[in-house]
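> Pasting in a structure now, in structure tokens, and then I'll have a few things to ask.
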Amino acid sequence: MLPDLLTELGFTVYSRPARGTRQYGVDVAAVGTGRDGVRRVHLFSVKSGDLDRTEWNTASPQSLRPSLDEILDHYISSRIPPEYAALPIAICLTFGGAIDEQVRAEVTGYMNRNTTERIRYEEWNGDRLADVILDGILREGLLPPPLRGHLRKSVAMVEEPDIALDHFGRLLHAVVDAPGATPAARLSQARLINICLWIMFVWAREANNVEAPYRASERAQLEVWHLLKSEVARSGKAAEAAGFVINELFELHFAIWDELFEKKILPHADHRHALSSAIGSYAALDVNLKLFELVGRLALRGLWLVWQLAPPSGPVVLSNDYLQTLPATITEITKATVERIDRLCEKLMQIVSNNRALLSPIGDWQAIDIGLAFTLLACRPGAHGAIDEWADELAKRSIFAFNVHGRYPVTSRSYWDLVDHPSERSEEYRQSSTEGSILYPMLALWAAARGKRKLFDELAAFKVKSLGHCTFQTWLPDEDSEDNLYLGRDNHGAALTGIPVTAGTRDTLDLVLEEIASNPHYDALSAVRLGHWTIVLTACRCHRLPVPPQVWRDLLPGVCPPATDAAPQPDDCALTPPDNGHG
């Protein structure tokens, strides 16, 4: 978060941290006025935590002294832009804690020996950074006292995620509901959100509970996109600066995801019932709700990786033929990204296989997380079979639970309604609890796309026999969605109702493909128009909206299995959609 802090202090940041490029000891470079009022080039070499003997000078490339030597030997002579070449230089030793007393004399001696009339050294330790935060980003003019109170409370309550998120949400709304009048003011507000989220994440990481910053980071992504989307759509420096801020926020979200999933969840994916047991509740409902939420989060991270390789219009099947069409210059990046996608698909399948609650949704709205998971699995040919097996189990278990008055999927999202479900074993209760469904038509849609005639016909028969009262539907964006989707406001979008599921046909798929071709509102969303369709999926997961079927317009035609003796008849997989301009 250092570049954002410096920007808020009036510095011009001309070099930021980057992967894969040699930086000659400099993590951040900026030009600005220091405490003594002199305008200098400030070169920051950043290390985490306290500066002890290991961090100061060992054979490790992460040690600070070798980085400082590189600055003196290479950076100053060849890397400073010409327009700043005549300015004095401050080399800033930057770390989050303090200098260990055992190395204090060595550090001081190094700085004294290398100080010249042009070059000086500054120590940016944890206390200095805290002062920068308080005097810069959290100054009263930018963050009034009531909002600072919400930040403090969100940080103090990180071990109570619901309370922490409530206070952080109030901070977000207060900022976004009063957007700055100029692009510079809006960028400053976005940086404020980014730094507040960083503060929350650091405290939560220390408390070993990053649930609150994870949820806050999803909200922050959406709020900042809504705040800066007009800048992103432009060209020039404003668009570039907005892109930097948004990218930093996404990278922070991924860092929080890694802290939660890579360290705590994915290592246990291949152990039977490990994640179910780790939820720490004796209530089957709690286990069910948490597991489906986990699946949605995992799938969304995988789709961000797919986004790096897919076309701007949306996800596609990343087959070998498609990957060969990508530029040869990114071959290594493509290979590494595909490997990460495959790993997440494998982990997703392991989690479903080893936690059987994921075969029995209790809320019809859990189709949102299932839909995200299907989207990720559809992007890799080797994972298509997992869609078939999971969809088959979901349908059979849901139908069985309905027939025996068990814990079948219901429309209510009330926790206490779900605790009591089924509160009655009557036909009236069943009908009132299943007045509409997004789950069953979605399963039918994917069964039709995959050519699974038996599963499709079972769903059709169930609809005729037991769900004549139920409206099969899904959600589509409309002309009001652009102003409301990212902020989670109600009263936008349209329902596609009366979705047919008729045995012996593929009418579910035909209707959805026809609607995809005729509905222009999804492509009008700024996130889709500017090539960031994953932001729409983030909004759907965060605000509990079904995945718009337009997301699948290139996937549904691509998931049909090749014709074999055991496969469906070829006409079951004739998925040529109407010409909608998306290939």
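> Normalise the Cα radius of gyration of segment 382-482 by 2.2 N^0.38 Å (N = residues in it) and let me know the number. Could the numbers behind the result be given before it?
Working: Rg = 14.9 Å, N = 101, 2.2 N^0.38 = 12.7 Å.
Computed over Cα atoms of segment 382-482, the ratio equals 1.18.
> Kyte-Doolittle mean at least -0.5 and Cα extent at least 27 Å along the axis: which DSSP H helices of the chain qualify? All intermediate terms of the calculation are to be shown ahead of the outcome.
Details: long enough: 183-206 (35 Å, 0.64); 211-232 (31 Å, -0.63); 237-257 (30 Å, 0.75); 284-309 (39 Å, 0.91); 331-354 (34 Å, -0.21); 384-403 (29 Å, -0.28).
The answer, listed by residue number, is 183-206, 237-257, 284-309, 331-354, 384-403.
> A further question on this structure: Can you work out the accessible area per residue across the chain, with the rest of the protein chains kept in place, probe 1.4 Å, in square angstrom?
That works out to 43 Å² for each residue.
> Apply the a/c threshold of 1.5 to the C-alpha gyration tensor of segment 197-341 and tell me whether it is rounded, prolate or oblate.
On the way: a/c = 2.27, a/b = 1.31, b/c = 1.73.
Oblate, since a/c reaches 1.5 and b/c is not below a/b.
> Kindly report, to the nearest 10 Å², the accessible surface of residue 415 as traced by a 1.4 Å probe over protein heavy atoms only.
80
> To make sure I understand the rule: partners must be lysines, Cα under 17 Å from the Cα of residue 454, and not fewer than 8 residues away in the same chain. Which ones qualify?
Cross-link targets: 396, 463, 465.
> Counting other Cβ atoms within 10 Å, keep those with at most 13, restrict to DSSP loop, and tell me which chymotrypsin sites (Phe, Trp or Tyr not before Pro) in segment 47-127 are left.
Working: sites: 56, 75, 84, 95, 110, 121, 124; in loops: none.
The qualifying sites: there are none.
> With +1 on the Cβ of every Lys and Arg and -1 on the Cβ of every Asp and Glu, and nothing else charged, how large is the dipole of segment 257-382 about its Cα centre, in debye rounded to the nearest 20?
Values: 12 positive and 13 negative charges, 36 e Å.
Here the size comes out at about 180 debye.
> Starting from the Cα of residue 237, draw a straight line to each of the lysines and keep only those under 25 Å, dropping any in the same chain fewer than 8 residues away.
Those lysines meeting the cut-off are 229.
> Still on this model: Where the Cα atoms of segment 60-199 are projected onto their three principal axes, how long is each span, largest first, in whole Å?
51, 40, 26
> Now, a different point. Expressed as a rounded percentage, what relative contact order does segment 283-422 have, with Cα pairs under 8 Å and six or more residues apart?
Here the relative contact order equals 33 percent.
> For 173, 167, what's the largest-to-smallest order of accessible area, 1.4 Å probe?
Solvent-accessible surface, decreasing: 173, 167.
> Starting from 0.36 nm per residue, how many nanometres of slack lie between residue 353 and residue 281 once their C-alpha separation is accounted for? Please list the in-between numbers first.
Numbers: separation 72, 0.36 × 72 = 25.92 nm, distance 2.03 nm.
Answer, rounded to one decimal: 23.9 nm.
> To continue, here is another question. Using every Cα-Cα pair within segment 129-284, state what percent have a distance larger than 19 Å. Each step should come with its number before you reach the end.
Working: 6907 of 12090 pairs.
It works out to 57 percent of all Cα pairs.
> Would you mind checking the pairs 264/452; 47/347; 47/263; 290/335 and listing those with alpha carbons more than 27 angstrom apart?
Details: 264/452 36 Å; 47/347 33 Å; 47/263 22 Å; 290/335 32 Å.
Pairs exceeding the cut-off: 264/452; 47/347; 290/335.
> In Å, what Kirkwood hydrodynamic radius results for segment 325-395 from the alpha-carbon pair distances? Kindly include the intermediate steps, with their values, before the conclusion.
Numbers: mean 1/r = 0.0745 Å⁻¹.
Result for segment 325-395 stands at 13.4 Å.
> Follow-up. Over the alpha-carbon set of segment 16-56, work out the extent along each principal axis and list the three values in angstrom, largest first.
Projected onto the principal axes, the Cα atoms of segment 16-56 cover 34, 27, 14 Å.
> What translational D, rounded to a whole number of µm²/s, comes out for segment 440-541 from Stokes-Einstein when the hydrodynamic radius is the Kirkwood one over Cα pairs, at 37 °C and 0.692 mPa s? Walk me through the numbers before you get to the answer.
Values: Rh = 14.9 Å.
The estimated diffusion coefficient comes to 220 µm²/s.
> Can you send over the solvent-accessible area of residue 407, 1.4 Å probe, protein chains only, in Å² to the nearest 10?
100
> Per residue, how much space in cubic angstrom lies within the convex hull of the C-alpha atoms of the chain?
Working: hull volume 102.9 nm³, N = 583.
Expressed per residue, the convex hull around the Cα atoms of the chain is 177 Å³.
> Related question: Leaving ligands, DNA and RNA out of it, work out the accessible area of residue 111 with a 1.4 Å probe and give it in Å² to the nearest 10.
Here the accessible area works out near 30 Å².
> How large is the dipole of the chain about the Cα centre if only Lys and Arg carry +1 and Asp and Glu carry -1, each at its Cβ, rounded to the nearest 20 debye? Please report the intermediate quantities before stating the final value.
Numbers: 58 positive and 75 negative charges, 132 e Å.
That gives the chain a dipole magnitude of about 640 debye.
> State the percentage of accessible surface on segment 83-237 attributable to carbon and sulfur atoms; use a 1.4 Å probe and exclude ligands, DNA and RNA.
Ligands and nucleic acids excluded, carbon and sulfur give 52 percent.
> With all protein chains present and a 1.4 Å probe, how do 104, 128 order by accessible area, largest first? It would help to have the intermediate numbers written out before the result.
Numbers: 104 75, 128 35 Å².
My answer, sorted largest first, is 104, 128.
> Tell me, in nm to one decimal, what length is gained between residue 510 and residue 263 on full extension, where the rule is 0.36 nm per residue of separation less the Cα-Cα distance? Show your work: numbers first, answer last.
Working: separation 247, 0.36 × 247 = 88.92 nm, distance 4.31 nm.
Computed gain between residue 510 and residue 263 is 84.6 nm.
The values are calculated or read from the model by the stated rules, or taken from the named source; none is laboratory data. Treat the numbers as computed from the prediction; the structure is a model and nothing was measured. Note that we place each Cβ from the backbone using ideal geometry, even for glycine, and neighbour counts take in every protein chain shown. Heads up: the accessible areas ignore ligands, DNA and RNA and are worked out on the full protein's heavy atoms, side chains in. Shrake-Rupley method; radii C 1.70, N 1.55, O 1.52, S 1.80 Å.
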